[in-house]
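The structure under discussion appears below in the form of structure tokens.
Please treat every number below as a calculation from the coordinates, not as lab data. Bear in mind that the values here come from a model prediction, so they are computed numbers and not experimental data. Cβ sites come from the backbone with ideal geometry, for glycine too, and all protein chains shown count toward neighbours.
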Amino acid sequence: MSKTSLERGLNILREQIDSPTAAFFSSCVHCGLCAQACLFYTETCNPAYIPIRKLEPMRRLWEQEYTLTGKLKKLLGLSRPITHEELEQWQELVYNSCSLCGRCSLVCPAGLDLTYMIRKFREGMAASGHAPEGLIGATTRAVELGSPMGVTLKALEAQAKHVKADSGLDIPFDVEGAEYLVLLSSMEIINYPEYLQAVARIFHQAKKTWTISSEAFEATNSGIQIGVSDIAAELVQRVVDAAEKLRVKTVISPECGHAYTAIRWEGPNLIGRPFGFRVRHILEVLDELREQGLLQVEGVEDARMTFHDPCQLVRRGGVIEAPRNLIRMVARNFVEMKDHGKMNWCCGAGGGVSANEDAAEIRLKAFKRKKKQLERLQVDGLVTACANCRIQIEEGLEENDMDMPVIGLTEMLASHLKDEEAREGGAT
Amino acid sequence: MNSAEFLLWVRGSGLQIALWIFLFGMLIRLLEIFLLGRKKNLAELRASGTAAGLRTMISRSLPPGGNIIHRPRFTFVAGYAFHIGLFVVIFFLTPHIQVIESLTGLAWPALPTPVVDIFTVISLVAMLALLWHRLASRLLNFLSNGGDYLAWTLTFMPLLTGYMAYHHLWFPYTGLLAAHILSVELLLILFPFTKLTHTFTIFIARWYNGMMAGEKGVQS
């Protein structure tokens, strides 16, 4: 690690320090309550994972350079400069053991938005060369191939063919003037292609026009997870260009939490201008269709089901009621976990944790929190709306010898769609 | 300088100096925060965030709702006891109101001194308990640094000396009163440069937290 890369990292980090950051650092009294909100702490009891402590080097930089006392201390040689060794040590704390879930930010009595700062700290970490290998790989693939998992257009087209064969429905590519531009996550294309078919069937029933862009179909944004705003902006720009070229009204973020945050909340700020189109999560769109009476379902599930809230949808995204409205349409025995909605517990794999091999062990430890929640609830099945949460939960359940089906909400709704011909026949 | 002369000085010039340092120091601290600025949010907002921000400024002082994490009961009870006790002692003891009135012209009814005395004891006991907890808890011990203990000491001393002066404990009253006022001055002087700033900055922090979440449609 060179001195230049450290300086570059610190410069980037300096640019991140703003009024909220200064107010946050000025207010912490080390009460330790954030620890109780963090599943990486509660499931390990390792004090290194106390959320505020994960920010210590950044806090020192702020103190040393943006406060009078800190500057004085620095002048008198009383403060410790930030070193490569220290940042290297912090890699584990900033990336492996933080999923940017935002729960600490919601419970801090002093009001610190710790997640907001971890997101910023990662910018400095990445620029100084301290991002984990796994995330570097994912980001490189996202830039070069358009997908963090290396999923190509060909793979997507192959899935589209399967959908056609299964349902008889065409997956529309590059349709100008469509109402919706549907984005996907690589995880969905590879592991949960049912999502694509579900979307096709729902829009077919609702008689809505939609399209996928062959130039920008990936919704996830590794640039945000690793903390490189330039790359994050480039990835957002691809979607913006596609949406503008195809003149769509709404861009739909798929069943993925971070993809939603990336395009919905960070997107315009990354490219430096507001969008000329709406961005909605698929659940928000489905809830709109429900309100308009365009989502016609039949049959109700009797199984005892619960919903796992993806953090970026609820706490960091504000999509709280939509999934509940939708589940109640098709599930009679829907029950909530004790901490749900904006207070949900993370699955343990968000914020780039799943793409980071170094975090493989801790992410399964963190899953124990979800395990406890599910054991207490005694449900027959779990519904969620994020492919990344879903794969983590499936893996966690398997690891813990728990047998429980996990399903995406869009897919569940699609499986209850009223039969098209029967409906039309009934109407005449 | 005998103790009477010293008392006169701490009551007069001493207090003036301390107050000016406190005010000027806090002004600097607030400027340090606000001058950094903040980028405008360009995303399509769900709400303005103002109402949510204001609500968070207050709600984080209130006990958490039933659905919120199980806060460690100790931190919760001792934290409230200490802060409420301190607030009552500072703002509802007759001599304190008189000092505030002489400085600002503002006055309000005091609580009976024995009542304030009870709150002093509550605060002192809660502070000792919190200190013990900080030292004994693995989590807090790991997290704590000199700044935490400095802030504790600066707050504890005025409470202790005030309590001793009121009860004429062990030392002559004049000396104790001078020591009490001096400890307050020390608190005021160091206030802007220690963690004690949280008294004011938490409201700014909560505002940003609540406002940014509110723009996304979340009441934080």
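Quick one: longest stretch of chain A between exposed loop trypsin sites (Lys or Arg not before Pro), exposed meaning at most 16 other C-beta atoms within 10 Å and loop per DSSP?
A:1-206
Mean per-residue shielding of peptide A:101-114 is 6, counting Cβ atoms of other chains within 10 Å of each Cβ.
If I take all pairs of Cα atoms in region A:145-290, what percentage of them are more than 21 Å from each other? In whole percent, the share of Cα-Cα pairs in region A:145-290 beyond 21 Å is 37. Seen against the Cα atoms of chain A and their longest principal axis, helix A:387-399 is set at about 80 degrees.
Would you calculate a helix-derived [θ] at 222 nm for chain A, using -39,500 (n - 2.57) for each DSSP H run of n ≥ 4 and dividing by the full residue count, to the nearest 500? Helices in chain A give a 222 nm mean residue ellipticity of -14500 deg cm²/dmol.
Considering only DSSP states other than H, G, I, E and B, which trypsin sites (Lys or Arg not before Pro) in region B:1-90 qualify as loop sites with at most 10 other Cβ atoms within 10 Å? The qualifying sites are B:LYS39, B:LYS40.
For region A:36-51, backbone phi angles converted through the Karplus equation (6.51, -1.76, 1.60; θ = phi - 60°) give residue-by-residue couplings of 5, 8, 9, 5, 5, 7, 4, 8, 10, 6, 8, x, 4, 8, 4, x Hz, Gly and Pro being listed as x.
This model, with +1 at the C-beta of Lys and Arg and -1 at the C-beta of Asp and Glu, gives region A:295-414 a dipole about its Cα centre of some 660 debye. For chain B, the longest principal axis of the C-alpha atoms and the axis of helix B:198-215 are separated by about 10°.
Taking amide H as placed 1.01 Å from N in the peptide plane, A:PHE334 has its amide H under 5 Å from the amide H of A:MET305, each at least 5 places away in sequence or on another chain. Paramagnetic label reach from B:ALA136 (point 7 Å along Cα→Cβ; backbone nitrogen cut-off under 18 Å): within region B:143-157, residues B:143-144. Taking the DSSP beta bridges with both ends in chain A, the antiparallel portion is around 5 percent. The stretch between B:THR199 and B:HIS168, if pulled fully straight at 0.36 nm per residue, gains 8.1 nm over its current Cα-Cα span. Taking 13 Å as the straight-line reach from the Cα of A:LYS73, the aspartates and glutamates in range (excluding those fewer than 8 positions away in the same chain) are A:GLU63, A:GLU65. With r defined as the distance between the Cβ atoms of A:SER5 and A:SER415 and R0 fixed at 60 Å, what FRET efficiency is calculated, to the nearest 0.05? For R0 = 60 Å, the calculated efficiency reads 0.70. Across A:ALA359, A:ALA232, A:ALA331, mean-square fluctuation computed from a Gaussian network of chain A (C-alpha pairs under 10 Å connected) peaks at A:ALA331. Note on chain B: Cα convex hull, mean projected area over all directions, 15.4 nm². Checking every one of the chymotrypsin sites (Phe, Trp or Tyr not before Pro) in region B:147-220 against DSSP loop status and a limit of 10 other Cβ atoms within 10 Å picks out B:TRP170. With the simple model of a label 7 Å out from the Cα in the direction of the Cβ, A:LEU169 to A:ASN333 spans 2.9 nm. Cross-link check: pairs A:LYS71/B:LYS195; A:LYS342/A:LYS372; A:LYS207/A:LYS342; A:LYS120/B:LYS40; A:LYS164/A:LYS207; A:LYS120/A:LYS338 evaluated at a Cα-Cα cut-off of 22 Å; pairs beyond the cut-off: A:LYS207/A:LYS342; A:LYS120/A:LYS338. Each label point was placed 7 Å from the Cα along the Cα-to-Cβ direction; for B:ARG38 and B:ALA4 their separation is 5.5 nm. For the options B:VAL99, B:VAL88, B:VAL184, a Gaussian network treatment of chain B with springs between C-alpha atoms closer than 10 Å singles out B:VAL99 as fluctuating the most.
Ellipsoid fit via the Cα gyration tensor, the protein assembly as shown: semi-axes of 53, 26, 22 Å, each the root of five times an eigenvalue, largest first.
Considering only B:ASN209, B:ASN141, B:ASN41, the mean-square fluctuation computed in a Gaussian network model of chain B, springs between alpha carbons under 10 angstrom, is largest for B:ASN41. The label point for B:VAL121 and the one for A:ASP358, both projected 7 Å from the Cα toward the Cβ, are 5.5 nm apart.
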